[in-house]
Structure formats: C-alpha cells, structure tokens
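Trainee: Shown below is the structure under consideration.
The values are calculated or read from the model by the stated rules, or taken from the named source; none is laboratory data. If you're wondering where the values come from, they're calculated on a predicted model, not measured in any experiment. FYI the Cβ positions are ideal-geometry reconstructions off the backbone, even for glycines, and counts take in every protein chain you see. Note: accessible area is taken over every heavy atom of the protein model, side chains too, but ligands, DNA and RNA are not part of it. Shrake-Rupley method; radii C 1.70, N 1.55, O 1.52, S 1.80 Å.
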Amino acid sequence: MSVWVILGPGEMPPASGGLALLAEARRLTEPAGEVTVVLAGTAVPVEASAAHGAARILVLDAADGWAGPIVAVEALTDRLRQECPEACLLSASRWGSEVAGRLAARLGAALLPGCVGLTRDGAGRLEGTRPVYGSRLVARVAATGESLQIVTLRPGSESSSPGTGHGPATAERIPCTGRPDWIRDLGEEQVPPEALDLGEADVVVAGGLGVGSRQGFALVEELAGLLGGAMGATRMAVDAGWAPFARQIGLTGRIISPRVYVACGISGSPHHMDGVRQAQLVVAINTDRHAPIFTYADVGIQGDVREVLPALIAALRRLRPEARDAAALLGGAAGMPGPLDARR
Ligand SMILES: Cc1cc2nc3c(=O)[nH]c(=O)nc-3n(C[C@H](O)[C@H](O)[C@H](O)COP(=O)(O)OP(=O)(O)OC[C@H]3O[C@@H](n4cnc5c(N)ncnc54)[C@H](O)[C@@H]3O)c2cc1C
C-alpha cells in the first residue's frame with residue numbers, strides 16, 4: 001500500500017500543514033505501507049520529511065526554485081502512471097487544489113476534493129468526509145472504481161499529529177521541463193481580511209460590541225491582515241453597523257473552522273460560539289474576567305482591546321511576514337511561549 005503526499009510551496013515541512021498531511025498518510029499506510037513525499041521545490045529541508053515518516057522523497061527540480069501547478073503536473077504524470085499508488089494527498093490550498101484537479105483529469109483518477117477527514121471502509125477503501133451546505137451537513141464520499149484516488153484535505157482538518165520517522169528516506173530529484181508557454185504567472189496578492197472567505201480562513205480575528213466603534217474595528221481588521229487571516233464579527237457588531245452581515249459568525253451567520261480564532265471584545269454567547277466550535281485554538285481578549293468567552297478560550301488575555309490590539313499589532317509589525325504564525329505566536333502551539341504570548 002502506497003500513499004503519496006504532494007506538497008506545494010508553503011506546505012513543506014517544517015510547515016504544520018505539510019507535517020499534518022504526512023501524519024495522515026502514515027496513519028493510512030500503517031502498518032506496512034509506504035509514504036512517498038513530493039516536494040514541489042528545491043528550497044526545502046528534505047530531512048524534515050524523512051524525520052516525519054516519508055520512506056521516499058521526490059524533489060521537483062524546477063528552474064524557478066519551485067514548481068507551479070502546471071509544471072508539477074507535467075513532471076508527475078508519467079511517474080504516477082508507472083507507480084500506481086493507492087492515493088495522493090494534497091492540501092486543499094490553491095496550489096494543491098489545482099494540481100489535484102489537473103492530475104485527476106490527466107490520469108482519469110477519482111478526485112475527492114475539500115475533505116476534512118479520511119477513513120477506510122470495511123473493504124479497506126478510502127472514504128472522505130466533507131462539509132456541505134455551509135457546513136451544516138457532512139457528506140461521505142468514496143471512489144467507486146479501483147483507480148488512483150486523489151484527495152485534497154482542508155488545512156487543519158487532519159486528525160493525526162506528526163509522527164517520528166521509520167527509517168532513512170531517499171531523496172530523488174525529478175527534472176522539470178520548462179513552464180508551458182500557454183500560461184504565465186502574474187504573481188499573487190494577499191486577499192484583504194474583509195474579503196477573505198470566513199469558511200476557508202486559517203486564522204479569523206473577530207470583533208464584538210466591546211470593540212466599541214467602527215474605528216475600533218479597523219484594529220481588528222489590521223490584526224487579521226497581519227496574520228494573513230479573515231475579519232469576523234458578532235451579530236451585535238453587525239447590528240451596530242461596524243461590519244457587514246457577510247462577516248457575522250454564529251447561529252445565524254457563518255460556521256467557521258479556523259486553526260486560530262481571536263475573539264476581541266466578544267462575550268461568548270452560545271449563539272455566537274455555535275459558529276466557532278470547530279476552531280482549534282481560541283484566543284480571547286476581554287476586560288471582564290468572568291466573560292463566558294474565557295471558558296472556551298485556550299489563551300485568555302484580560303485587557304482592553306484598545307490597548308491589547310495596538311500592542312499585538314506593533315509586535316507583529318516587528319516580525320518578518322513569514323514569522324507571523326498566529327498559532328505559534330499567540331498560543332505557543334508548539335508548547336513554547338512565543339513573543340506575543342500574553343497568558344495570565
Ligand atoms: C435567535 C438568535 C440568533 C443569534 N445569532 C447570533 C449569531 O449568529 N452570531 C452572534 O454573534 N450573535 C447572535 N445572536 C446574538 C447573541 O445572543 C449575543 O447577543 C451576541 O453574540 C453578543 O455579541 P457581543 O459578544 O459582541 O456583545 P456583548 O455580549 O455585549 O459582549 C461584549 C463583550 O465585550 C467586552 N468588552 C467591553 N469593552 C471591552 C474592551 N474595551 N475591551 C475588551 N473587551 C471589552 C465585555 O466585557 C463583553 O464581554 C443571536 C441571538 C438570537 C436571539
């Protein structure tokens with residue numbers, strides 16, 4: 001049994017997304033299967049993948065340092081045809097989704113997109129689950145044939161924690177032929193926090209009535225932007241006209257499942273928290289130490305958002321953009337207090 005993990009830029013170990021996909025592949029191949037990792041570029045520590053259970057590593061040797069989706073698909077198609085692994089796992093990121101779709105079309109493979117979980121059925125076949133109808137229902141999907149299954153997993157949905165390795169991995173470089181000339185990459189722009197889809201966001205910074213004003217919401221938005229996340233709001237804040245209804249989280253708003261949720265001046269009413277239950281790390285900033293939000297919070301900051309938010313923003317501005325990992329900084333997710341750790 002063989003599972004490939006195909007990692008795009010920003011997903012490669014030691015990035016948490018890549019490690020989680022590797023752990024998922026290891027779980028699916030236990031006890032005797034083999035995990036192959038494809039790294040979409042040369043500028044990555046190959047050893048990190050080996051240390052987390054990859055038996056074999058394929059590195060796409062692209063001229064630009066990393067392979068865009070089309071180049072990656074060109075380089076991998078024949079190899080996948082020859083080796084016929086059982087499944088390929090990719091992140092449901094923009095890169096991963098494009099590679100998955102193109103590979104599935106090229107190879108006539110089954111595509112299970114946007115899954116939040118993977119299991120095996122009684123016959124050992126892969127079965128994916130994915131939220132539908134605004135996350136109100138969970139659909140179970142499975143491939144019907146025997147062909148290769150290509151699965152994209154939403155970031156943060158993998159169930160296993162990164163494991164340790166089981167033997168030395170070998171690394172092989174796959175040369176990538178030039179970028180096909182019928183498409184040109186014109187660059188990427190960060191989606192502003194007020195436009196980033198709440199359901200897709202890895203980080204959500206939301207404001208409530210405690211933010212105090214529309215101007216106060218500019219700080220919520222600024223913090224979300226610095227963390228590469230989306231801006232959200234409570235119904236009270238929406239009713240006050242500080243944020244549009246599309247940003248409302250909760251029973252009558254959006255259901256979200258970010259890796260990190262930062263609640264600013266939010267009391268934590270059940271109607272609001274109904275939309276946040278799937279958040280992995282909850283950080284709360286509130287002046288009232290008895291506010292219900294603190295019973296949900298992994299990290300509680302008792303303080304005034306008008307002081308705490310500018311302090312967090314100033315501290316983040318001092319960091320390089322790639323160092324602004326919300327979970328590590330705010331939650332000490334790796335078990336180590338980060339520079340912004342403000343637990344009391
Ligand atoms: C049928 C129904 C459906 C609903 N659906 C939703 C929904 O989908 N989403 C939703 O959000 N709500 C919903 N509500 C409303 C919900 O019940 C709450 O009223 C709402 O979530 C509270 O919003 P809030 O936390 O912003 O305001 P509040 O409850 O007023 O809390 C404000 C908090 O800010 C703190 N604070 C004040 N000043 C500061 C400061 N300077 N710094 C830091 N903290 C400060 C206060 O201590 C307080 O805890 C619904 C209600 C009903 C009846």
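Trainee: Whenever you get a sec, line up Cys115, Cys176, Cys84 from highest to lowest accessible area (probe 1.4 Å, protein heavy atoms). Please list the in-between numbers first.
Mentor: Details: Cys115 0, Cys176 25, Cys84 95 Å².
From most accessible down to least: Cys84, Cys176, Cys115.
Trainee: Could you state the accessible area per residue of segment 170-303 in Å², with a 1.4 Å probe and every protein chain left in place?
Mentor: So segment 170-303 comes to 49 Å² accessible per residue, rounded to a whole number.
Trainee: Then there's this: Let me check something: with ligands and nucleic acids excluded, how do Val59, Val141 order by accessible area (1.4 Å probe), largest to smallest? Could you put the intermediate results ahead of the total?
Mentor: On the way: Val59 10, Val141 30 Å².
Descending accessible area places them as Val141, Val59.
Trainee: Could I ask something else about it? With every protein chain left in place, what is the accessible area of Met12 in Å² (1.4 Å probe, nearest 10)?
Mentor: Near enough 20 Å² of accessible area.
Trainee: For segment 77-158, which GluC sites (Glu not before Pro) are both in a DSSP coil and crowded by at most 16 other Cβ atoms within 10 Å?
Mentor: Working: sites: Glu83, Glu86, Glu98, Glu127, Glu146, Glu158; in loops: Glu86, Glu146, Glu158.
Of the GluC sites (Glu not before Pro), the ones in loops of segment 77-158 whose Cβ has at most 16 other Cβ atoms within 10 Å are Glu146.
Trainee: Let me cross-check Phe294: its accessible surface, 1.4 Å probe, with only protein heavy atoms counted, in Å² to the nearest 10?
Mentor: For Phe294, the solvent-accessible surface is approximately 50 Å².
Trainee: Then there is this: I'd like the accessible area for Trp66, computed on protein heavy atoms only with a 1.4 Å probe and all protein chains in place. Round to 10 Å², please.
Mentor: We get 90 Å² for Trp66.
Trainee: Could you tell me what percent of the accessible area of segment 203-331 is made up of carbon and sulfur, with a 1.4 Å probe and every protein chain present? Write down the numbers at each step before the final one.
Mentor: Working: 2870 of 5490 Å².
Whole-percent figure for carbon plus sulfur exposure: 52.
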